[in-house]
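Data first, discussion second: the structure below is written as structure tokens.
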Amino acid sequence: MGLLKPNQVLNKAYRQVAIETTDFDLFKNALRTLRDNVVDGQREETQKEHLRNFLSETFYKTYYMAPEEDIDLAIRLDKTTKSNIGLLIEVKSTTNKSEMISNDNLNRKALQELLLYYLKERVSKKNNDIKYLIATNVHEFFIFDAHEFECKFYQNKQLRREFQDFVDGRKTSSKTDFFYTEIATTYIEKVKDSLEYTYFNLQDYRHLLDKTDGSTSRKLIELYKIFSDTHLLKLSFQNDSNSLNRGFYTELLHIIGIEERKENNKTVIVRKAVERRDEASLLENTINQLDAEDCLRHVNGSLYGNDYEERLFNVAMELCITWMNRILFLKLLEAQMLKYHNGDVIYKFLSTAKIHDYDDLNTLFFQVLARDMSRRTQSIMRDFAYVPYLNSSLFEVTDLESKTIKINSLSQRTELPVLTSSVLRSPKRNLQVSALPTLQYLFAFLDAYNFASEGCEEVQEEAKTLINASVLGLIFEKINGHKDGSVFTPGFITMFMCREAITKTVLQKFNDCYGWNCATRTDLYNRIDNIAEANELINNLHLCDPAVGSGHFLVSALNELILLKYELGILVDATGKRIRKADYQLTIENDELIVTDAEGNLFAYNTLNAESRRMQETLFKEKRQIIENCLFGVDINPNSVKICRLRLWIELLKNAYYTAESNYTYLETLPNIDINIKCGNSLLHRFALTDSIQTILRESGISISQYKEAVAKYKNAHGKGEKQDLETLITEIKSKLRTEINRRDVRLVRLNKRRSELATLQAPQLFEPTKKEKKALDKHIADLKKEVAALENIFEEIRSNKIYLGAFEWRMEFPEVLDAEGNFLGFDCIIGNPPYIQLQSMGKSADVLERMGYVTYARTGDIYCLFYELGMNLLAPNGYLCYITSNKWMRARYGEALRGYFASKTNPIMLVDFAGVKIFDAITVDANILLSQKATNIFNTRACSVQNANGLNNLSDFVQQEGVVCDFVSSDSWVILSPIEQSIKQKIEAVGTPLKDWDIQINYGIKTGFNDAFIINTEKRDEILANCQTEDERNRTAELIRPILRGRDIKRYEYEWADLWIIATFPSRHYDIESYPAVKNYLLSIGIERLEQTGETHIVNGKKIKARKKTCNEWFETQDSISYWEDFSKPKIVWGNLNLTASYAMVQDNSFINAPSPVIVPASKFLLAVLNSKLADYYIRQLGVTRNGGYFEYKPMFVEKLPVPQNADTKAVTDIESYVDSKNETAIDKAVYMLYGLTEEETLYIDKKGR
């Protein structure tokens, strides 16, 4: 059986959260009361009440908790009865042994009752929010994760059918005892040996409750957390990397001097509004100093913005992020050292006791952290004797600092107002002053939080909120989004993507290397017999994120690679000794790598314990090896690059260890990993990946092995001098390569050749040419001039366009993916979350990207499409790409080229569509994950659609259980269908012909460009007609003003005209407005400035008036030409563009229809019936995306793809048309099902989908 102890089921990241003494004492007192009040022989109801009181007094006072129907105790997700039940509890009395389950026999009435309650909630009430189910006799607790019930019971279709038959009265008895004995017993018996549950007995804790020495037992802490709402209701907790610590984030923004703002559905970070700016904030202080010292003249302004104010802000932000990176890194270092030394305050250095001002902070940066002990001055050693040297480029003066200011330039003249909601104003700190010097404020603020890389299982007087590296990453990703909106990928997504992509990549590597056919990690574990070779293979993987952001994916990949080595049994220490699974357990929880010992206790580094030192050093060295050899990243934003490097350094800092060589006095230095994370525009390059550089290498004397060696040495260089020498060497190599490749650019060679030809042709001729020869010569010269000018324009744009300044040359930047001849080998895995930017909003930058020749480029598309193609180009053969992006490419028209590219050039392995489930906090976008291989498409994609947040709990399991095999073969819409849905789709397409291939016209309705002027009510129409001067004018005008329907007027099979008319001055009719003076006068009363079709803006009576968009049409004409105006006089099928369900109607008269509502001509009752049928609606809705609220956009591009039988049986057509006359929709649906040959099961499936 799956009996688990409390410490085995608690989220290991939650175990690291400390408990406050007051909360823990309250829990213990409530537990004592429960123990003392419950005695054998009491009524069951009495004991239930004691349990309820205990739960209420501890964690559940703010939740609605009561017996419900037959459930002994149900706890809802908030304090209202409207919320779903999250926790089901079945209580038996302490003496009811016959009905209470036991470890020896789970198949008793208590569990049978829980199963019935669960199915009633899950099936009948469609409650997918149940978290846990508990069976208890108040002493013993059996806690079942609802995920277990989901897998073992809910997904058993036969059980669900039997339950439904029982509920519907189709069984021989409707009594609950019948369900328990005849149904529940059978299904529990089948799974009882594999059903996992947590078990504990409160009587085992009695002696711990009676302790009076003030000591705290880890067992009681575990019990506290098992009973907590955080665990039993699966709430996020303070160091949950998927949730933002809002208090910390808000106050950090305040100290920096920035704030959040919503812009175009995105949360962006901006400078505070003028009236809220504080002179003492870091940003404003920096801006003031930059401005006062005229620092911007020293930097390349075009890189930082279009005007002085924008440049000032961006330079100041980059400096502030650099400084804050250092400070937060130092806070993490300080917390780590305090933890290593049991809180000894001599290791605390980030405080105003040692750092009085910005000068001292600057000294700490550059004279302490940047220098080894032997080079520090006497005064430095006196004040900072215990601050280690880490050899990190984080503490070297940056290029921007050297050109502008360092932190010691900041003024300390004013104090910074303390935030009203500051953590410093909490009851425990009770700060009384309203303002503090900025550094004092910053240090006090940081001291209010726990920055240890990992928490601990303990009770503290003040349980400070844990701010771990993942939380910092989330915060910095948001802060860094000040330019184009922040999109932070939640940890559960990066964990899932890295596990799936890295597993596939590693399996491929081993299979290719050894000729194996391993399909799983277990297969690989069983085949590996040479640990050293296996490690070397994994250590030579190359994984890259081309839009790396804060480095979240790289950190997740780092953790996953270490976990993979552990699972494969090849994680070894420096001597080659394995980290055995019997001694340690490694897991990834909450996006953190967590290590526990054989007893399940969290690993803690102890310098006095040899085994502890071995484990710490192993983790550090493995992380360093993977970061140096395997992980690469590029980002266009220099601040992102800095934050990513910081994240990776922090990961190493977590396992920093004292070296044996220093007698455990000094920490191991950090490698120079900055060279793996580079700044540049990933999408833009001048040198093709496939260009051969063998000749260049040979002629220039450059050796790729020399380049690789220089990079490897740089990563482990000690001291500035050595690093600078290596940097110079690396720069020289790249510069030489760039120059030589540039010189051989085929365009440049062609330009020089054409210039030479032109000069020859324009030189004086010895003999005068004939007229014919001169004509040919002039033409040749003109053609050459044109070609030369075009080539010169290309090179001039490259020189002058600032977008090219950031071009990233993948061809030469990472020697790790080049072979000895300089050929680009490619990465083994590309992973990430590329930016979402509409190309048409990028102006000239989009033009440059178009000229790069991306086959997936569509002007109406999104930049992430290009990242997909780039990622595939960067892969080695058989490599894997895994991205999370918007899912619009799956169905949108702009995604057609991308879909075709995936189908023809790649092998899509897995597709997960989060249809309607919000993944990102900062933006509203439906997302999907695609895992694809650079290989021939075998048309076998595992795909699934996640319809609700429940599927997010364990994505890997969900995809395996709910996924279906799809064969995406073309550029048509990619729709994820179950087997029954695939069968229905095949039948529809086999029987019918797409409407676009019928002899019909499908068009949009009338687009006027200004409906308020051209669409009028009956009263206004009558007024215009009354103003006509003659009967002829009146007749002409009456003919011009025609009835019009809007989308909202159209229902299924009918419409309701709203007495609206359109002034139908269609450009295609070439009306003379002078023939319609009453109409002209009416339109002029609206304002010719508003009606003209120039796109210009006018000032009229002090107000801005925007004209209609620019066209060639007259001011009085509609915006669109409407060459198909005659179709509106024919019978037509019309429908509203945006609807909850199919709503098509036939209009026989000459009414027009308003855009964006479409129209089909000619119309037929048969086609109308098919379009309105449930089956057609189901098919069409699969082609597009359903919006929030269930609305669907019934665009012609979707409707025209519906296959409809053109030569259906005459009787069937006659019958269907008669059903339209009688409005018998049930008969229509049935007839349409028969038309397409659906089975009874398929018919029921569509009926259940409903309208």
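The values are calculated or read from the model by the stated rules, or taken from the named source; none is laboratory data. Model, not experiment: these values are computed from the prediction. Because the Cβ atoms are built from the backbone with ideal geometry, glycine has one as well, and the counts that use them run over all protein chains shown.
Looking only at the range 183-196, decide whether some residue is farther than 27 Å from residue 233 by Cβ, out of contact with any Asp or Glu (no Cβ under 7 Å at 6 or more places or on another chain) and in a loop (DSSP other than H, G, I, E, B). Checked the range 183-196: at least one residue is farther than 27 Å from residue 233 by Cβ, out of contact with any Asp or Glu (no Cβ under 7 Å at 6 or more places or on another chain) and in a loop (DSSP other than H, G, I, E, B). Only residues that are touching a residue at least 40 places away in the same chain (Cβ under 8 Å) and either farther than 21 Å from residue 328 by Cα or in contact with a Lys or Arg (Cβ under 6 Å, 6 or more places away or on another chain) (or both) were counted in the range 418-434, giving 1.
From the residues in the range 930-952 that are hydroxyl-bearing (Ser, Thr, Tyr) and more than 17 Å from residue 1186 (Cα to Cα), which one is surrounded by the most Cβ atoms within 10 Å (Cβ to Cβ)? Talk me through it step by step, then tell me what you get.
Going through the range 930-952, the residues hydroxyl-bearing (Ser, Thr, Tyr) turn out to be 932, 936, 941, 945.
Filter once more, keeping what is more than 17 Å from residue 1186 (Cα to Cα): 932, 936, 941.
Working: 932: 26, 936: 10, 941: 24.
Per the stated criteria, the residue is 932.
Taking residue 1230, is it out of contact with any Gly (no Cβ under 8 Å at 6 or more places or on another chain) and either closer than 25 Å to residue 1056 by Cα or part of a helix (DSSP H, G or I) (or both)? It would help to see each step written out before you state the result.
Values: out of contact with any Gly (no Cβ under 8 Å at 6 or more places or on another chain): yes; either closer than 25 Å to residue 1056 by Cα or part of a helix (DSSP H, G or I) (or both): yes.
So residue 1230 passes the test.
Applying a threshold of 6 Å to beta carbon distances and a minimum spacing of six or more residues, or different chains, the list of pairs starting in the range 1172-1201 at a residue that is aromatic (Phe, Trp, Tyr) and ending at one that is part of a helix (DSSP H, G or I) reads 1178/1246; 1178/1249; 1179/988; 1192/1181; 1198/1180.
Please verify whether the range 915-929 includes one or more residues that are of a type in the set (Ser, Thr, Tyr), in the same structural domain as residue 883 (by TED's automatic domain parsing) and either surrounded by 15 or more Cβ atoms within 10 Å (Cβ to Cβ) or in contact with an Asp or Glu (Cβ under 7 Å, 6 or more places away or on another chain) (or both). Before the answer, list the steps.
First pass over the range 915-929, keeping only residues of a type in the set (Ser, Thr, Tyr): 924.
Keeping just the survivors that are in the same structural domain as residue 883 (by TED's automatic domain parsing) gives 924.
Within this subset, residues satisfying the condition of being either surrounded by 15 or more Cβ atoms within 10 Å (Cβ to Cβ) or in contact with an Asp or Glu (Cβ under 7 Å, 6 or more places away or on another chain) (or both) are none.
No.
The number of residues in the range 420-437 being within 25 Å of residue 468 (Cβ to Cβ), in contact with a helix residue (DSSP H, G or I) (Cβ under 9 Å, 6 or more places away or on another chain) and not charged (D, E, K, R) comes to 4.
Among the residues of the range 140-163, those that are under 19 Å from residue 100 (Cα atoms) and touching a Lys or Arg at 6+ places or on another chain (Cβ under 9 Å) comprise 145, 149. What pairs come up if the first residue lies in the range 498-512 and is of a type in the set (Asp, Glu), the second is in a helix (DSSP H, G or I), and their beta carbons are under 8 Å apart, counting only those six or more places apart or on different chains? Once the first residue is of a type in the set (Asp, Glu) and sits in the range 498-512, its partners that are in a helix (DSSP H, G or I) give 500/956. Quick test for you: out of 1115, 1061, pick the one residue that is in the same structural domain as residue 1025 (by TED's automatic domain parsing), surrounded by 14 or more Cβ atoms within 10 Å (Cβ to Cβ) and farther than 30 Å from residue 1194 by Cβ. 1115 is the lone residue from the list that is in the same structural domain as residue 1025 (by TED's automatic domain parsing), surrounded by 14 or more Cβ atoms within 10 Å (Cβ to Cβ) and farther than 30 Å from residue 1194 by Cβ. Determine if the range 896-903 includes at least one residue that is assigned by TED's automatic domain parsing to the domain that holds residue 941, surrounded by fewer than 20 Cβ atoms within 10 Å (Cβ to Cβ) and free of Cβ contacts under 8 Å to residues at least 40 places away in the same chain. No: the range 896-903 contains no residue that is assigned by TED's automatic domain parsing to the domain that holds residue 941, surrounded by fewer than 20 Cβ atoms within 10 Å (Cβ to Cβ) and free of Cβ contacts under 8 Å to residues at least 40 places away in the same chain. Do we have any residue at all in the range 837-851 that's surrounded by 16 or more Cβ atoms within 10 Å (Cβ to Cβ), at positive phi and outside any loop (DSSP other than H, G, I, E, B)? No, the range 837-851 contains no residue that is surrounded by 16 or more Cβ atoms within 10 Å (Cβ to Cβ), at positive phi and outside any loop (DSSP other than H, G, I, E, B). Taken together, the residues in the range 1148-1179 that are surrounded by fewer than 22 Cβ atoms within 10 Å (Cβ to Cβ) and part of a strand (DSSP E or B) amount to 1. Among the residues of the range 884-891, is there at least one that is of a type in the set (A, V, I, L, M) and closer than 21 Å to residue 545 by Cα? So far as the range 884-891 goes, yes, one or more of its residues are of a type in the set (A, V, I, L, M) and closer than 21 Å to residue 545 by Cα. Could you pull out the residue among 143, 130 that is among the aliphatic types (A, V, I, L, M) and more than 31 Å from the chain's Cα centre (by Cα)? Within the list 143, 130, the selection yields 143. Within the range 634-641, is even one residue assigned to a strand (DSSP E or B) and under 24 Å from residue 549 (Cβ atoms)? Yes, the range 634-641 contains at least one residue that is assigned to a strand (DSSP E or B) and under 24 Å from residue 549 (Cβ atoms).
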